[in-house]
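Values in this text are rule-based calculations from the coordinates and carry no lab data. Every value quoted in this text rests on a predicted model; they were computed, and no experiment measured them. A quick note on method: Cβ atoms are made from the backbone with ideal geometry, for glycine too, and the neighbour counts reach across all protein chains shown.
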Amino acid sequence: MATAHPAYPVGLRLTGRRVVVLGGGQVAQRRLPALIAAGADLLLVSPEATPSVEAMADTGEITWERRAYADGDLADAWYALIATSDPTANAAASAEAERHRVWCVRSDDADAATAWTPATGHSEGVTVAVLTTEAKGRDPRHTAAIRDAVVEGLRDGTLVAPHHRTRTPGVALVGGGPGDPDLITVRGRRLLAEADVVIADRLGPRDLLDELPPHVEVIDAAKIPYGRFMAQEAINNALIEHARQGKAVVRLKGGDPFVFGRGMEEAHALAEAGIPCTVVPGISSSISVPGAAGIPVTHRGVAHEFTVVSGHVAPDDERSLVDWAALAKLRGTLVILMGVDKIGRIAETLTAHGKPQDTPVALIQEGTTAAQRRVDATLATVADAVRTHEVRPPAVIVIGEVAALTPAPPA
């Protein structure tokens, strides 16, 4: 087959159309999921198959005929993937595909195929397909590397393709993770790259704001005045106002929007104003910060549960909704957020209700960032440790035996 000309790229619409796959090995295992996702009517012809391919047949995603290839198998096919270990059968099937004008991919001989499979990737409704221009001298690793670079750029926002269609005004509540800019989700980073306005919390990944284009308006939510309640109301109003101007608005929060982040208050305000709202979950500091400090919140034989508690009000405060007496009786891990200035009274309350005074405690300040540091103590000594080591927010407090599983790193 002549290969002087480059392949012509095209997207096949295979929904409901017969696709025949010859061979049930590793090639089929890799290619079948995408063909299933395309809605193809799939026939696998192979005496054997890998366990994963067999599972696809067991669940009815494909039809499997347990036999070798026979002439006529491709007669009604629109597309064929030839991937058996028998060169003679592959050549015969390829010849049949040519006779019936069936587009055919061969895993063993690209020169003998009438179609090539590109290296593909996906990002928010876009499929990226990369083809080498010639069959001879093809370098699949280079092709895959180009695909990966393009897809990663689209996902993390370093490769921005502007939307030219009219966008529906809306707000994305994006969880920025615990602080390290690399720990924001792929979707969150992409939405940041597409934003016109970003309303950011102090605890959000600040380094990401430096990467935004000059035209993006960044509003520091921490500086909105008039007290805590009025500040939240002002944030809600700012979200609504900018969205109504037709702008893409991102509300960038630390951690996860719905873990002590007032995300639901903002979602309710947007819903009442008729503004579409997208919630992008984030990595919560309650799990990620202890992990970054070498502390698992659960561990076999040590802790079978963990509880996350807000410590922004003291146990004896009438506004507290926490049952500290019940928490003192739990054997698992207790993770306290926003509790640095209240940890003395929290420790006293827990021990008063039966928690042993020698229960290990770890305080991780500025977790996942370059300024991260860890201070270890017990319930009996944690209040003094906070003062002695000048622990400041933001810090995550871990109470329980898991805090003693690994030694603290050098200061």
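Working ranking of peptides 365-372, 277-284, 253-260, 325-332 by packing, defined as the average number of other Cβ atoms within 10 Å per residue, highest first, is 253-260, 277-284, 365-372, 325-332.
Between A370 and T406, the distance separating the two model label sites (each 7 Å from Cα on the Cα→Cβ line) works out to 2.2 nm. The stretch between A325 and H304, if pulled fully straight at 0.36 nm per residue, gains 5.6 nm over its current Cα-Cα span.
A Förster distance of 56 Å, applied to the separation of the beta-carbon atoms of V10 and D207, puts the FRET efficiency at 0.85.
Per-residue 3J(HN,Hα) values for region 303-314, derived from phi via the Karplus relation 6.51 cos²θ - 1.76 cosθ + 1.60 with θ = phi - 60°, read 9, 9, 7, 9, 10, 9, 10, 7, x, 6, 10, 6 Hz in sequence order (x marks Gly and Pro). Between D316 and A234, how high is the FRET efficiency from 1/(1 + (r/R0)^6) when r is the Cβ-Cβ distance and R₀ = 35 Å? Nearest 0.05. Result of the calculation: an efficiency of 0.70. The simple Förster model, with R0 at 41 Å and r as the Cβ-Cβ distance, assigns A68 and L159 a FRET efficiency of 0.35. Roughly how tilted is helix 87-100, in degrees to the nearest 10 and between 0 and 90, from the longest Cα axis of the chain? Rounded to the nearest ten degrees, it is 80. Site pair E98 and Q357 shows an inter-label distance of 8.9 nm when each label is modelled 7 Å from Cα along Cα→Cβ. For the chain, the longest principal axis of the alpha carbon atoms and the long axis of helix 263-272 meet at an angle near 70°. Measuring nothing but how far apart in sequence close Cα pairs (under 8 Å, 6+ apart) lie, relative to its length, the chain scores a relative contact order of 10 percent.
Taking Cα atoms only, the orientation of helix 140-156 departs from the longest principal axis of the chain by about 40 degrees.
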